Amino acid sequence: MSQVAEWEALRRLVPPPDEGGAAIDWDRMSTSWGRGFPADYRQFIGAYGPGSIQAYLVIQRPEHKGAEPASPFGGMLLETVNAEDAWARDKKSPELDGADPVLITWGVTGSSDLLCWDASGDDPDAWPILVRNRDDDLWRRYDCGMVEFLVRVLRGEFDECPLGDLALWGRPSALFLGDDEQRRLWSQGIDPWEGKR
């Protein structure tokens, strides 16, 4: 599937919010991390922003390396450190034997899975996805980009669900809420996912 087709598929499965995404200084991000970021992630953040899909999969806010984390409870910087610690101690699937990736975490799940890029290659658009499934503390590699990964999870197109919960697996549609919208609703006493006070 082409990147355009993947993007259109994602927009059908997970409609972007009306308020749009986040404006990020990608040159500054690239300088701070010493590498560029995949085009599909940049496009996702521009259209959706950081936030959550179905109150389960959190797409991390881009954070500059060397800055203070935006939150003491998560975020790209803190979750990348968590991923590096997990990589050092957890099992790897056979295709990862001997791998020494440069990890950048772009997503985490409600079941404590970590979704990262192996950012060791020169071309960010060719970085594979590495997923640490918390259920079995095992790392697996998926040779696709972030948007294709999300589409394939939502369509149930992998041999098995790569995540520790079936909340998004084979789901024909899903709700995305940006971080700002979730905070706004919580501040009004409304559960953003239930719509109830």
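The values are calculated or read from the model by the stated rules, or taken from the named source; none is laboratory data. Computed from a predicted structure; not experimentally measured. Cβ coordinates were reconstructed from backbone atoms using ideal geometry, including for glycine residues, and neighbour counts include every protein chain displayed.
Within segment 166-184, residues that are without any contact (Cβ under 8 Å) to a residue 40 or more places away in the chain sit with their Cβ atoms under 9 Å from residues that are of a type in the set (A, V, I, L, M) and surrounded by 17 or more Cβ atoms within 10 Å (Cβ to Cβ), at 6+ positions apart or across chains, in these pairs: Trp169/Val153; Trp169/Leu154; Trp169/Leu163; Gly170/Val153; Gly170/Leu154.
The residues in segment 152-168 that are closer than 18 Å to Ser52 by Cβ and out of contact with any Phe, Trp or Tyr (no Cβ under 9 Å at 6 or more places or on another chain) can be counted, and the count is 2. Taking residues in segment 8-30 that are in contact (Cβ under 8 Å) with a residue 40 or more places away in the chain, and partners anywhere that are of a type in the set (S, T, N, Q), the pairs with Cβ atoms closer than 7 Å and at least 6 places apart or on different chains are Leu13/Ser173. The single condition from (1) closer than 19 Å to Thr80 by Cα; (2) touching a residue at least 40 places away in the same chain (Cβ under 8 Å); (3) β-branched (Val, Ile, Thr) that Val131 fails is (2). For segment 145-170, the tally of residues that are within 28 Å of Ala88 (Cβ to Cβ), crowded, with 17+ Cβ neighbours inside 10 Å and touching a Lys or Arg at 6+ places or on another chain (Cβ under 7 Å) stands at 2. Given the criteria of a type in the set (Gly, Ala, Ser), part of a helix (DSSP H, G or I), surrounded by fewer than 14 Cβ atoms within 10 Å (Cβ to Cβ) and on the phi < 0 side of the Ramachandran plot, does Ala5 qualify? Yes: the conditions hold for Ala5. The set of residues in segment 70-83 that are more than 16 Å from the chain's Cα centre (by Cα) and at pLDDT 95 or above is empty. Filtering segment 11-20 for residues that are of a type in the set (A, V, I, L, M) and under 27 Å from Ser120 (Cβ atoms) leaves an empty set. Among the residues that make up segment 89-103, is at least one of them in a helix (DSSP H, G or I), in contact with a Ser or Thr (Cβ under 6 Å, 6 or more places away or on another chain), under 16 Å from Asp118 (Cα atoms) and modelled with pLDDT of 95 or more? Checked against the condition, which is being in a helix (DSSP H, G or I), in contact with a Ser or Thr (Cβ under 6 Å, 6 or more places away or on another chain), under 16 Å from Asp118 (Cα atoms) and modelled with pLDDT of 95 or more, segment 89-103 yields no hits at all.
May I ask you to list the residues in segment 49-69 that are more than 12 Å from the chain's Cα centre (by Cα) and within 23 Å of Trp7 (Cα to Cα)?
Here is the first cut: in segment 49-69, the residues more than 12 Å from the chain's Cα centre (by Cα) are 54-55, 63-69.
Of everything in segment 49-69, those that are more than 12 Å from the chain's Cα centre (by Cα) and within 23 Å of Trp7 (Cα to Cα) turn out to be Gln54, Ala55.
Filtered by the rule that a residue be of a type in the set (Asp, Glu), part of a loop (DSSP other than H, G, I, E, B) and farther than 20 Å from Gly66 by Cβ, segment 9-45 gives Asp18, Glu19. Can you tell me which condition Gly75 does not meet? The list is (1) in contact with a Lys or Arg (Cβ under 7 Å, 6 or more places away or on another chain); (2) surrounded by fewer than 18 Cβ atoms within 10 Å (Cβ to Cβ); (3) within 18 Å of Leu114 (Cα to Cα); (4) not polar (S, T, N, Q), and all the others hold. Every condition holds for Gly75 apart from (2).
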